[in-house]
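One structure is given here, and the rest of the page talks about it.
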Amino acid sequence: MDSGEEKRTRIPFKERPDWADVKPVPQDDGPCLVVPIAYTEDFSETMDYFRAIYLADERSPRALQLTAEAIQLNPGNYTVWQFRRVVLEELGVDLHEELKSFDRIAGENTKNYQIWHHRRWLAEKLGADAVTNELEFTKKIFSQDAKNYHAWSHRQWVLQALGGWEDELAYCHQLLEDDIYNNSAWNQRYFVVTRAPLLGGLEAMRESEVNYTVQAIRASPENESPWRYLRGLHKNDTQSLVEDSQVASVILDVLTSKNSHVHALSLLLDLLCHGFEPSEDLKSAVDVLTPQSCSPDLALTKRICSILEFADLMRVKYWNWRKSTIPVQSPTCQNTDRLADLCARMSDL
Amino acid sequence: MAEEDDAFLMLSDLDSEDSIPMFFDKNRHICYLEMMLELLPSPYQSQEINRLTLAYFAICGLDILRSLDRVDKEGVINWVLSLQAHPRDEAELSNGQFYGFHGSRSSQFQPNDDGDTIPNASHLASTYCALSILKTLGYDFSLLNSTSIIKSMKNLQQRDGSFMPIHSGAETDLRFVYCAAAISSMLENWSGIDKEKAKEYIINCQSYDGGFGLTPGSESHGGATFCAVASLRQMGLIEDDILSKNVSSCFINVPLLLDWSLQRQAATDGGFQGRLNKVTDTCYAFWVGGVLKILGAHKFIDYEGLRKFLFTCQSQYGGFGKTPDQLPDLYHAYYGFCAFSMLEEPGLSSICTELGIPNGVYPGF
């Protein structure tokens, strides 16, 4: 409750001797009050003094102090931030100090866009000097909130603009060790694998990454993140996805275990739609799961949709629609299915 | 402050699950918005810069609830218009500044007697909200100086196709591409935006998992995905009900996007989450639901499950909170109303999904 203490001991500007020469400028709301806000006294007074200083374009140490107080109360006000940057430059303030003093404010407002924009502005000015500090700072944020979108965005910007990629893959690994469900960490992993200059890109990393991902899937097959990551590793290259024996093998393992089958079946369905030739083992794994109400002659793809209608009840209409559109969606699939349908009809005869 | 905190605690204690009505409590929602329109409690002061946005939630919300008659339309229109930034002359339009709407009085300054340059901090999101309010109130846009908005908006588009929200510098991402598209769409003038570049930026934001992140490389997010899809729709780059057409040749991966969006409805409670493995939240029923609506796939949602979840977030004092255990706020209330409108709740106005505003159509009347 530090901030509460501070508020109680705050001396109003009108009682501060060094502000005696400033005439506050009140907010002029005009005649019609639409969503007026019940401002606290501190808030109104601080903004009234800010207006005065801003209009006078006073670039002084006390103006800098005033913007800090205004930001505490009104962190979303971009005019205050922008004016602070003008004053910082005018006064030639050491930006390392500025960065440090904002660690605390940022810590309290980790979801405010303006604070992060200010950090980026500072880091940009400091250049390579800022890398270690910014990577450490975001790490500190992630130790409290590992999925903070602003902090991830800042970290990605630091890596791309200023560097510091060396330990990033290891850091992603560490975060995933802490929480394998952390999708932000999976996303960052993808970011590193596809963009880190020294790793050689997606194709060079694919095999080792598939190994890593398949392990994570085996450990928790209901976790959607690694399944999506696995597809991502074969982005824009369905052929390599279809031909990857590790992918088929992890699907088989999950289907024959007692775990949730939804993601495995969903991926298998897409594979089949891209011309994947399933092994006998995979076919019989699907057979076992197929509901009895299903005609045994139904095409494999359609049977998978039928299983999903039961296994993923929330999306029963989606899987039903998928079932009805399979031949339309993919030419390869269309042929396979037509063939299956033809076989089914022939066996009926 | 201490007293207020106590009052809030008390409210949240009362907001226990037993007392939450399991129906859409329209009258309470109207009361809630009327109260907010009259005076926002002081915790909103940290959002003071976005007062136009808060007004947008209250006024467009009342229209969804079909209660615009409670609003002093002329007064609101004049207030909104008073927040517009005007260049002094034609030449100023090419000085790099944006002449849109200020978010609130605190970023707006009147010219002084010496005719010095007035600091101008008009903002794309505020401009989107201003136009949304004006459109909802039936204001005739031909009376508006819209040329200055469109012409100066060009100054905000970046080389990568994204938009900056204010000319003095801020983060650039998909949110502001969306605002620029919605502004162009409402003003029916697309000359302020390089569509090809915007399209390229949007494509770069589609993640490996099918959703969209706010910037290229960032994690897929319900809100960002809405901004991407709704922008493309408004720019005419994807067709309405695209699923009924051939999607394989589309420049974004539609099947993966569809699958990602539908998987955001959590099997656990029926609500929508904004990202993988995150908790469900009222607003994503609109953001992700809106994506599905634009794709022509809203019908695949489990309506019953979603309604049940939203009812748990409905406050007994009107409005919606982010999650079942939270107090209502204007943002979640508004997107809760939008979500119910898309679920075809009787007695609500339907909405124009891609603009995020009521379209003045009252089904059943």
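The values are calculated or read from the model by the stated rules, or taken from the named source; none is laboratory data. Every value quoted in this text rests on a predicted model; they were computed, and no experiment measured them. So basically every Cβ, Gly included, is an ideal-geometry build from the backbone, and we count neighbours across all protein chains shown. To get the accessible areas, we keep the full protein, side chains included, count just its heavy atoms, and leave off ligands, DNA and RNA. Shrake-Rupley method; radii C 1.70, N 1.55, O 1.52, S 1.80 Å.
Data for the structure
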quantity	calculated
³J(HN,Hα), Karplus 6.51/-1.76/1.60, whole Hz, each residue of the range B:186-194, x for Gly, Pro	5, 8, 6, 8, 9, 6, x, 9, 7
Per-residue mean of C-beta atoms belonging to partner chains within 10 Å, peptide A:309-318	5
Cα convex hull of chain A - mean projected area over all directions, nm²	25.3 nm²
Under-5 Å amide H pairs with residue B:357, H placed in peptide plane, nonlocal only	B:352
Segment residue A:93-residue A:219, length gained on full extension (0.36 nm per residue, minus Cα span)	40.2 nm
Isotropic mean projected area of the C-alpha convex hull, the range B:216-292 (nm²)	5.4 nm²
Cβ-derived FRET efficiency at R0 25 Å, residue B:39 paired with residue A:101, nearest 0.05	0.10
Geometric extent, Cα atoms of the protein assembly as shown - Rg, Dmax (angstrom)	27.1, 101
Amide hydrogen neighbours beyond the local backbone of residue A:37, cut-off 5 Å, H modeled	B:40
Average Cα contact separation per residue, the range A:1-151, under 8 Å, 6 or more apart, as relative contact order %	16 percent
Charge dipole magnitude, Cβ of K and R +1, D and E -1 - the range B:276-331, Cα centre, debye nearest 20	160 debye
Chain B: most fluctuating residue of B:325, B:160, B:89 per GNM, C-alpha cutoff 10 Å	B:89
Average Cα contact separation per residue, chain B, under 8 Å, 6 or more apart, as relative contact order %	17 percent
Rounded to the nearest 10 Å², the accessible area of residue A:55 at probe 1.4 Å	90 Å²
For chain B, built as a Gaussian network whose Cα springs stay under 10 Å, the top-fluctuating residue of B:188, B:38, B:171	B:38
Global geometry of the range A:53-143, whether rounded, prolate or oblate, following the gyration tensor of its Cα atoms and the 1.5 cut on a/c	oblate
Ellipsoid semi-axes in whole angstrom, largest first, where each is sqrt(5λ) of the Cα gyration tensor of the range A:151-238	21, 16, 11
In Hz, Karplus ³J(HN,Hα) per residue of the range B:279-296 (6.51, -1.76, 1.60; θ = phi - 60°; x = Gly, Pro)	6, 6, 7, 3, 5, 6, 4, 8, 4, 7, x, x, 4, 5, 4, 5, 6, x
Backbone N under 13 Å from the residue B:78 label point (7 Å along Cα→Cβ), restricted to the range B:24-54	none
Cα shape, chain B, gyration tensor, a/c 1.5 rule	oblate
Net length gained if the chain between residue A:68 and residue A:324 were fully extended (0.36 nm per residue, minus Cα distance)	86.1 nm
Choice from A:279, A:225, A:266 showing the highest fluctuation, given a GNM over chain A with Cα pairs closer than 10 Å	A:279
Per-selection Rg to Rh, the range A:166-325 - Cα, Kirkwood hydrodynamic radius	1.00
Cα centroid separation - the range A:254-277 against the range B:218-245, whole Å	28 Å
Relative contact order (percent, whole number), the range A:227-299, Cα cutoff 8 Å, 6+ residue spacing	29 percent
Under 5 Å, built H, 5+ apart or other chain: amide partners of residue B:167	B:98
In order through the range B:27-44: 3J(HN,Hα) via Karplus (6.51 cos²θ - 1.76 cosθ + 1.60), integer Hz, x for Gly, Pro	4, 5, 5, 4, 4, 4, 5, 4, 4, 5, 5, 7, 7, 8, x, 4, x, 6
Ranked order, A:250, B:361 - accessible area, probe 1.4 Å, largest first	B:361, A:250
Candidate aspartates and glutamates - alpha carbon under 19 Å from residue B:195, same-chain residues fewer than 8 apart omitted	B:160, B:173, B:239, B:240, B:354
